[in-house]
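Everything below concerns the one structure shown next.
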Amino acid sequence: MSATRETARPRNLLRYVPALTVGAFLLPIGAGLVGTLLPAFGYLPAIGGDAFTLAPWRRLFSYPGFASSVWLTLTVGIGTSLLAAALAFLFCAWAHERPPLRRAGAWIAPVLATPHSALAIGLAFLIAPSGWIARAISPWLSGWTLPPDLATVGDPRGLALMLGLLVKEVPYLILMIVGALHQVPVREHMTIARALGYSREAAWIKVILPQVYPQVRLPIFAVVAFSLSVVDVALILGPSNPPPLAVLAVRWFTDADIALYFPAAAAATLLLTIVGLVLGLWFAIERAIVAMGLRWIARGTRRGLALAFASAAATVCALLLLLAFFAITGMAIWSFASQWRFPDLFPHGYSLSNWMRRLTDLAGPSGTTLVTGVLATAIALVLVVGCLENEGRAHRRASRGALWLLYLPLLVPQVAFLFGAQVLLVRMGIDGTLAAVVWAHLVFVLPYLFLSLADPWRALDPRYARAASSLGATPARVLVAVKLPILLRPVLIACAVAFAVSVGQYLPTLFAGNGRVATLTTEAVTLAAGADRRVIGAYALVQALFPFAAYLAAVALPMLVFRHRRAFR
Amino acid sequence: MFRRLLGVACAAFIAVSAHAQEVKWSEVLAKARGQTVNFNAWAGDEKTNAFIQWAGEEVGKRYGVKINHVKLKDTAEAVTRVVAEKAAGRNSGGTVDLIWINGPNFLALKQQGLLHGPFTQALPNYARVDTTGIRSNVVDFTIPVDGLESPWRRAQIVFVYDSKRVSDAPRSVPEMLAWAKRHPGRLTHPSVRNFLGSTFLKQALYELAPDPSVLQMPATDENFAMVTAPLWGWYDQLRPTLWRKGEQFPDNGPAQRQLMNDGEIDMMISFSPAEAAVAINSELLPDSVRTVVFSRGTIGNTSFVAIPYNAANKEGAMVVADFLLDPATQAHAQDIRQMGNFSVLDFSKLTPAERKRFDDLPKSAALPTNADLGTTLLEPHPSWMTRITAEWEKRYTK
């Protein structure tokens, strides 16, 4: 009798964890959306908007660069997503059973861990007319004694911005696809297809891709939404006259003229609508491609152009990886440079004085970054483990709908709810505090942690837990003494992912922190607007090193802890 | 007789008020001890950031006041925050204690009654401020300061060029157009949304407007088109000759300086007469850069610090404002190894020892003398800047 009570109590508590988890990120998003939607139609009594009106929309539409801004948003968003998806799939087709794919994780984890803004900052120097690439070919090859007057960064069409997004998104999608491949009987299907005479690439595209696509649809949608609404990368690499819609909204939200809140809210609402429409359109195009693709597959061409396309894509992916590598290396060199002018390939001299002077500046934001990341990750971990435990004990798996819910923070544009969420934080009196920033980070950290941990957790052989229970262990003891040790590696990797997500947050930190909570990312983006490149280099480097260190720790820790238990390593 | 009486009365009054002030200041110092001042300041310039950090260490040592530099991308962010706090009903315990401010942002806060003060008369070091010779110390973009903000650094437009590549630096707005036509792609200006970019246009307007005196009054619907017509005529010709054909602009001054350091441009506008000297010193520009000032004078203004009405740490903020006016602080700020900005103090009000601090500062070939700087033109009314920015966006944003 008493034994059943003991086991029943924690289970009852656990029952509330999923609701708490969903609430933790649905509340700010929901309140935020309402808080943005109302001012978009003129209602925000605090600053004199008492009546519903369409004036904010008229103001938005009459902005001189409005049409170009929307066009830019669409072309960059859709173009980047299409390219990223195509490159990622073709790369996987090319790399199937080739050595690079087996080590793909090791290659792209550092890129994934590096915050968007740090990569963008490095990329800006790499591709500028006076940048590293131009320096490498000047003047001996290009004949340039002065940098050419070319718009390679901040170009009006947003090509530099697209490149900056691709560098991050292609590796992300590749990792998602590789993860999803475990759910598909790849080896068997490939063997059959190859036996029927299909080339490796053609077989992969015709047989594996259609099975994998539904598994990675949500990550692709997240990429679409992100490319349409990105702010930090657009500030660094994108055009500014006019900027993409998301940047325009942020620019107006933070303008001294308080009346601009209204058109800013309208712009954010429009962006939300655009994201919704584009995702709908994407869905429709998927159907069309399925219809056409079926006929193409049925035609049964064994080789075709698949190999050519896949090889080209693999080359592009390798180039993107190289760009990312040199972007960070360039910033690292800058942080130790004294003078480094065009067309010198390397600095005129090196010195440690930049670092010596920056150490005190870096300490504060580094501490804040660390504390925020650790807190958000720890809270998210408790919630996620709670959810997964509850799921396991209640023998009920999260539904498809729950998965969409998890992806919500990644699908809704940040500008569309962060301003409204800020109003909520002000009402609660916690705006500008570390707690507010941790909460804002949690909204984005939670889904990533859940998505990384759910599969390994669910894949754990239930017989371990059953064996422990039959030996008299309580569920709590099973969790602590059996499940968590076995799952230590995936748990730590999931935490590293979550920590990296937290480190990279720009807009949520800016809004929830009310500009007063400075992290490495907010500092780096602020500095990127024009400060001394040696200083930017130091910030970008430290910013990139933080998540990288977390990954290393996640890999090294199990080896250390389980040095006497080979199977656990 | 009457005069003498008046004189005595005045002296007595001054003595009394000075005493009252002294008492009050010691109270301010006592209350300030232990406070942390949230100093909201534009953080795009490393030298200024380092200076604020140094100032924080100094006021910490001397007065037990800490400075938390809230780093802004745009001063408007701080204005927004104060306005938002007012909207949310937070009339005390506000999160902004001190703002580096001037011009339109000051006007916005002053008009809405969101500033603490007048407080400058209570600052002991304010007595040394030049309030007659440097008009911009008391009239901020034509708006009377009324003791609501305390000056701390001065700015005046100069042009920086690379003497290795430029031998024919222009000395007027029309000459600049001719120069740009001879050297296409080698000149730019910061984005017009940035104060330095709009100042570039204001400087041109000063020289091109039929009667520049109207700029001291608010722009009206009637006179704006007429007064600015020559400006747009000039700019329409200039723009295609600019860097990136005038379709792209650096975000702000430091970004523009980076272009100069990268060799993408040969000449740039600056709001700090010492920028070239400071930048050479910190290896941010080649040694060959020099400074030139337009012969008919250039726009100059003063940077201030202001305290929002709801600031939580008003006393600490006042201590910082006073510290910024200390002659030793001002001399440190004017050092080209630091910020290099020109002082707001009246040197005739300083002791010889205090003056010597300024005389002993390092010199540089890139540093203009006060004589080189020539006439300082007063900032136009903020409405001109607002309208010029809007008009520019309308004309050149496609």
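Using alpha carbons only, the radius of gyration of the protein assembly as shown set against its Kirkwood radius gives Rg/Rh = 1.00.
Quick one: dipole size for the protein assembly as shown, taken about the Cα centre, charges +1 on Lys/Arg Cβ and -1 on Asp/Glu Cβ, in debye to the nearest 20.
Computed about the Cα centre, the dipole is about 3700 debye.
For the range B:140-202, the Kirkwood radius over C-alpha pairs fed into Stokes-Einstein at 10 °C and 1.306 mPa s yields D = 110 µm² per second. Taken over the range A:290-333, the percentage of Cα pairs per 5 Å bin, counting from 0 up to the bin with the maximum distance, is 5, 18, 13, 15, 12, 10, 9, 8, 5, 5, 1. Built from the Cα atoms of the range A:54-333, the convex hull projects on average onto 17.7 nm², one quarter of its surface area. Cα convex hull, chain B: 162 Å³ per residue, rounded to a whole number. Distance between the pseudo-spin-label points of residue B:351 and residue A:183 (7 Å out from Cα toward the beta carbon): 7.9 nm. The 3J(HN,Hα) values that the Karplus relation (6.51, -1.76, 1.60; θ = phi - 60°) gives for the range A:405-421 are, in residue order, 4, 4, 7, 3, x, 8, 9, 7, x, 4, 5, 6, 10, 5, 5, x, 5 Hz. Gly and Pro appear as x. The alpha-carbon of residue B:164 sits under 13 angstrom from the alpha-carbons of these aspartates and glutamates, leaving out residues fewer than 8 places away in its chain: B:266, B:287. Using the alpha carbons alone, the radius of gyration of the range A:254-343 stands to its Kirkwood radius in an Rg to Rh ratio of 1.23. Straight-line reach from residue B:202: taking Cα to Cα under 19 Å and skipping same-chain neighbours fewer than 8 places apart, the lysines in range are B:394. If you take the Cα centroid of the range A:440-478 and the Cα centroid of the range A:493-559, the two points sit 28 Å apart. Between amide H atoms placed 1.01 Å from N, distances below 5 Å from residue A:339 occur with A:348, A:349, all of them 5 or more places distant or on a separate chain. Say the dipole of the range A:54-333 comes from +1 at the beta carbon of Lys and Arg and -1 at that of Asp and Glu; which of A:178, A:245, A:192 then lies farthest toward its positive end? Checked the options; the winner is A:192. In sequence order, the range B:231-239 has phi-based couplings of 4, 5, x, 5, 5, 4, 7, 6, 3 Hz under the Karplus curve 6.51 cos²θ - 1.76 cosθ + 1.60, θ = phi - 60°, and Gly or Pro positions carry x.
According to the Kirkwood relation over distinct C-alpha pairs, the hydrodynamic radius of chain A is 25.4 Å. Charges were assigned to the Cβ only: +1 to each Lys and Arg, -1 to each Asp and Glu. The resulting dipole of the range A:54-333 about its Cα centre is roughly 980 debye. Candidates A:446, A:151, B:196 compared by Cα position along the dipole of the protein assembly as shown: farthest toward the positive end lies A:446, with charges placed on Cβ.
For chain B, what proportion of DSSP beta bridges, expressed in % and rounded to the nearest 5, is antiparallel?
60
With contacts taken as Cα pairs under 8 Å and at least 6 residues apart, the range A:54-333 reaches a relative contact order of 35 percent. Excluding same-chain neighbours fewer than eight residues apart, the aspartates and glutamates reachable from residue A:483 by a Cα-Cα span under 15 Å are A:389, A:391, A:455, A:461.
Entry for the range A:507-558 at q = 0.19, 0.22, 0.23 Å⁻¹: log10 I(q)/I(0) = -0.71, -0.82, -0.85, Debye formula applied to identical alpha-carbon scatterers, no solvent contribution. Relative contact order of chain B: 27 percent, from C-alpha pairs under 8 Å at least 6 residues apart in sequence.
Please say if the range B:244-398 is rounded, prolate or oblate, where rounded means a/c under 1.5 for a ≥ b ≥ c the square roots of the C-alpha gyration tensor eigenvalues, and otherwise the choice is prolate for a/b larger than b/c and oblate otherwise? Verdict is oblate for the range B:244-398. Of B:24/B:314; B:47/B:363; B:31/B:61; B:61/B:110; B:110/B:314; B:24/B:47, which sit over 24 Å apart, Cα to Cα? Cα-Cα > 24 Å for B:61/B:110; B:24/B:47; rest within.
Mean separation of Cα pairs under 8 Å and 6 or more residues apart, divided by the residue count, gives chain A a relative contact order of 24 percent.
Computed from point charges on the beta carbon alone (+1 for Lys and Arg, -1 for Asp and Glu), the dipole magnitude for the range B:26-168 about its Cα centre is near 260 Debye.
Can you tell me which of B:330-336, B:205-211, A:551-557 comes out highest on packing, and rank the rest after it, using the mean Cβ neighbours within 10 Å? Working shown, then result.
Values: B:330-336: 21.3, B:205-211: 17.4, A:551-557: 15.7.
Most protected by this proxy first, the peptides run B:330-336, B:205-211, A:551-557.
Looking at the protein assembly as shown alone, DSSP beta bridges between its own residues are antiparallel in about 65 percent of cases. Distant-in-sequence amide contacts of residue B:153, defined by a placed amide H-H separation under 5 Å and a gap of 5 or more residues or a different chain, comprise B:303. Per-residue packing, averaged as other Cβ atoms within 10 Å, sorts the ranges A:273-284, A:535-546 into the order A:535-546, A:273-284, beginning with the highest. The phi-based Karplus calculation (6.51 cos²θ - 1.76 cosθ + 1.60; θ = phi - 60°) puts the 3J(HN,Hα) values of the range A:167-181 at 3, 8, 7, 4, x, 4, 5, 4, 4, 5, 5, 4, x, 6, 4 Hz, whole numbers, x for Gly and Pro.
The mean number of Cβ atoms from other chains found within 10 Å of a Cβ in peptide B:75-82 is 5, as a whole number. Along the charge dipole of chain B, which of B:263, B:289, B:330 sits closest to the positive end, that is, farthest toward it, with unit charges on the beta carbon of Lys, Arg, Asp and Glu (+1, +1, -1, -1)? The one lying farthest along the dipole's positive direction is B:330.
Every read-out reported here was derived from the displayed coordinates using simple, explicitly stated rules and does not represent laboratory data. Worth saying up front: this structure is predicted, and the values here are computed from it rather than measured. When we count neighbours, we look across all protein chains shown, and the Cβ atoms used for this are built from the backbone with ideal geometry, even at glycine.
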